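Student: Have a look at this one.
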Amino acid sequence: MSGVADPLLLPLDGTRVAEASAGTGKTFAIATLYLRLILERGLKPDEIVVATFTRAATAELSGRLGERMTLATRLLQDDDPGTPRAGENGAHAEIRRTVAQARASGASLDDLRQRARTAAAMQDTALIGTLHALCFRALSEFGFDTGQALSQPQLIEDVRALELEIVRDFWRRGSADAATASLLAETWGAPKRLARQVCDARWGNLPADHVPQPAAVDTGAQEADLAALRAAI
């Protein structure tokens with residue numbers, strides 16, 4: 001598809017798929033469907049699940065939905081909020097169309113105002129998050145039904161940060177010994193380089209003696225060279 005179909009024409013029941021490339025209005029359409037569920041169906045934010053794949057998408061969508069609800073609450077204070085206004089477009093026009101459709105379905109203006117105010121006040125409880133976060137929340141809220149332990153494990157979405165923390169802890173402990181600290185510095189230079197290597201799947205299950213060792217340093221020769229340089233000055 002080159003764009004998303006008019007969200008005001010989509011049924012609110014059943015399963016619908018919106019296939020569209022970036023920048024064609026998917027988020028805008030989701031915000032309209034979200035508002036329709038609140039105004040037409042009378043649902044509350046904690047009764048609507050909005051799932052995303054990434055935390056960045058969650059943050060963007062949460063902000064957009066919050067802005068849409070705030071604007072809808074303000075526009076509903078007009079005497080005739082469902083009538084288009086000259087010069088309005090974008091979210092303003094879409095909200096007025098949504099209000100008009102909700103009123104055509106039988107909802108009174110007072111009902112719509114109350115639904116919008118309630119939804120705006122409950123936006124902090126909205127179920128908007130990544131699939132992992134929403135599943136973790138469900139397991140936490142229904143722990144007895146799902147047989148979960150009372151102490152829930154920590155949800156880690158990106159294990160790389162934890163791996164780097166472990167390597168840095170190892171680096172600090174190893175640096176307490178001068179010989180080990182020297183070996184770490186000469187071989188990897190910094191904890192990040194060591195983390196990239198030990199967390200690389202290609203190193204999995206290899207015994208330690210397969211890890212390349214740094215060449216031995218002839219400290220005696222280095223001291224002799226240093227003494228010769230001092231004598232030459």
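The values are calculated or read from the model by the stated rules, or taken from the named source; none is laboratory data. The structure presented is a predicted model; accordingly, all values stated were derived computationally and were not measured. Cβ: placed from backbone, ideal geometry, glycine included. Neighbour counts: every protein chain shown. The area values use the complete protein model at the heavy-atom level, side chains included, leaving out ligands, DNA and RNA. Shrake-Rupley method; radii C 1.70, N 1.55, O 1.52, S 1.80 Å.
Student: Specify, per residue and in Å³, the volume enclosed by the convex hull of the alpha carbon atoms belonging to the stretch 1-129.
Tutor: That works out to 110 Å³ per residue.
Student: Compute the acute angle (0 to 90°) between the alpha-carbon long axis of helix 159-174 and the principal axis of greatest extent of the alpha-carbon atoms of the chain; round to the nearest 10°.
Tutor: 30
Student: OK, next. What do you get for the angle between helix 26-39 and the principal long axis of the chain? Use alpha-carbon atoms, 0 to 90 degrees, nearest ten.
Tutor: For 26-39 against the chain, the angle is about 50 degrees.
Student: Starting from the Cα gyration tensor of the stretch 36-109, multiply each eigenvalue by 5, take the square root, and state the resulting semi-axes largest first in whole Å.
Tutor: 24, 16, 9
Student: For an R0 of 25 angstrom, estimate the FRET efficiency from the Cβ-Cβ distance between Ala5 and Leu109 and round to the nearest 0.05.
Tutor: Once the sixth-power term is evaluated, E becomes 0.35.
Student: Counting heavy atoms of the protein chains only and a 1.4 Å probe, report the per residue accessible area for the chain as a whole number of Å².
Tutor: Here the per-residue accessible area is 66 Å².
Student: Between Gly106, Gly220, Gly14, which gets the highest mean-square fluctuation from a Gaussian network model of the chain, Cα cutoff 10 Å?
Tutor: Its mean-square fluctuation being the largest, the pick is Gly220.
Student: Counting each DSSP H run of 4 or more residues in the chain as -39500 (n - 2.57), what helix-only mean residue ellipticity at 222 nm follows after dividing by all residues, to the nearest 500 deg cm²/dmol?
Tutor: It lands at -17000 deg cm²/dmol.
Student: If you don't mind, another one. To test your reading of the geometry: what angle, between 0 and 90 degrees and rounded to tens, separates the Cα axis of helix 91-104 from the longest principal axis of the chain?
Tutor: On a 0 to 90 degree scale, this one is about 40.
Student: I would also like to ask the following. From the convex hull of the Cα coordinates of the chain, what is the mean projected area in square nanometres?
Tutor: For the chain, the mean projected area of the Cα convex hull comes to 25.3 nm².
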